[in-house]
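Heads up, the thing below is written out as C-alpha cells.
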Amino acid sequence: MPVTASDPFGAYDGWLATLAQSGGRHWREDLPFTFDPPEGWSEAPALIRALTLLDDWARADGSLSPWLAFPTVLQRMGLTGCALPCLVAGDAAQRFALDPRPALLKRLLKQVRRHAEDGLVRLERLEDGARRNAEAIAAEHRPGKLPDLGRIALTRPCLAARSLAPHLGLTISGAGKLLERAARLGLLVEISGRETWRSYVTSDIALALGLTSPDRGRPRLAAEPSPALDAMLASFDAEMDELNARLERLGIGVMKHPDTDI
C-alpha cells in the first residue's frame, strides 16, 4: 500500500541546520563512504573534483542525501563563501554505470550553471522586493506594525493571520487587517482566493511560483534618495546584526522553519 502518513518536509529543519554549520570543516569530514580520488584528481578544476565526489557519493548512497549535501561540499572545497541551497544538484543516472561519465558530467555542469543563474535571479527579486517594501513603508504617514511585518516577511515569506498574530502581539483579526493593508500596498500577494483565512506570500515567492507575472518593459527608475528610507534600512540592518549575535550566543545557527497555513 502507498505510504500516506509520511512528512515530505520532515528532513527540512535538519538540512537547514547542516547548511548553517557546514563552514570551517574539511570536505572529507562527514562522508559516509570511503572516497578514493581518481587519477588526475589533483590537477582537475575544483568544480570537476566536487562533481566527481558527488558522482561517487550518489553511487554509494541511493538516497537524496548526496545531492542535498552538494552545497556543503562546494563550500568546504572553497568554491562558495557559504552553503547555497540553490546549488543542490544531481542526476538519477549517477546511481548506475550505464551512461558514459563524461556525458553525465556535462549534464551536471549545465545543471549547476542553470541553478546558479536561477539563484541570482531570485536574489535580485528578493532585494528588489525588500527595497520596494521599505519605500512603501517609509511613505506611509502612520506605518504602525508594517515595519515589523516587513522584517518578519524576510524570514517567513508565507504568512496568514493565524501564524502572524503571535509574532506581533495582535489578535487574529488585527493580523488579518494588517496583512490586507500590506497587500494593498504591494508588500504581499494574497494567494488563497478566499474571503476568510487568507494566505499571503512575498512578491518574489509569488513570482517563483508563477502566481504573478514579472514586470514588462523598461525597469522603473530608482527612487530619489530618502533620509527616512535610509534610516529605516540602517535600523533594520542593526536589528538583524543584533539578532544574529543573540543567536550565535545561544548556539543557534538558523531560525526554525516557519509554520504556514498554506
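Summary table below
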quantity: Check: region 119-203 dipole with +1 on Lys, Arg Cβ and -1 on Asp, Glu Cβ, in debye; calculated: 180 debye
quantity: Within the chain, longest stretch free of exposed GluC sites (Glu not before Pro) [DSSP loop, at most 16 other beta carbons within 10 Å]; calculated: 44-139
quantity: Angle between the chain longest axis and helix 46-60 axis [Cα atoms, degrees, rounded to 10]; calculated: 80 degrees
quantity: Region 18-172, accessible area per residue, ligands and nucleic acids excluded (1.4 Å, Å²); calculated: 56 Å²
quantity: Coarse-grained scattering of the chain at q = 0.08, 0.11, 0.17 Å⁻¹, given as base-10 log I(q)/I(0) from a Debye sum over alpha-carbon atoms; calculated: -0.44, -0.79, -1.37
quantity: Within the chain, longest stretch clear of exposed trypsin sites (Lys or Arg not before Pro) (DSSP loop, no more than 11 other Cβ within 10 Å); calculated: 29-193
quantity: Under 5 Å, built H, 5+ apart or other chain: amide partners of residue 188; calculated: 183
quantity: Share of carbon and sulfur in the accessible heavy-atom surface of the chain [1.4 Å probe, %]; calculated: 56 percent
quantity: In degrees, nearest ten, helix 227-249 long axis to first principal axis of the chain (Cα); calculated: 50 degrees
quantity: Extension gain, residue 250 back to residue 116 (0.36 nm per residue minus Cα-Cα distance, nm); calculated: 45.0 nm
quantity: Spin-label pair residue 36/residue 86, simplified geometry with 7 Å Cα→Cβ offset, distance in nm; calculated: 3.9 nm
quantity: Calculated FRET efficiency for the pair residue 211/residue 59, C-beta based, R₀ 35 Å, to 0.05; calculated: 0.35
quantity: Approximate spin-label separation residue 168-residue 13, in nm, with each point projected 7 Å along Cα-to-Cβ; calculated: 2.5 nm
quantity: Whole-Hz couplings from phi, Karplus 6.51/-1.76/1.60, listed for region 131-146; x for Gly and Pro; calculated: 5, 5, 4, 5, 5, 5, 5, 5, 7, 6, 5, 10, x, x, 8, 4
quantity: Rounded to 10°, Cα long-axis angle of helix 172-184 versus longest principal axis of the chain; calculated: 80 degrees
quantity: Neighbour count of at most 16 Cβ within 10 Å plus DSSP loop: longest chymotrypsin sites (Phe, Trp or Tyr not before Pro)-free window in the chain; calculated: 97-196
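The values are calculated or read from the model by the stated rules, or taken from the named source; none is laboratory data. This one's a predicted model, so the numbers in the text were calculated from it and none came from an experiment. All Cβ positions, glycine included, derive from the backbone under ideal geometry; neighbour counts span all protein chains shown. With ligands, DNA and RNA removed, areas are computed over all heavy atoms of the protein, side chains included. Shrake-Rupley method; radii C 1.70, N 1.55, O 1.52, S 1.80 Å.
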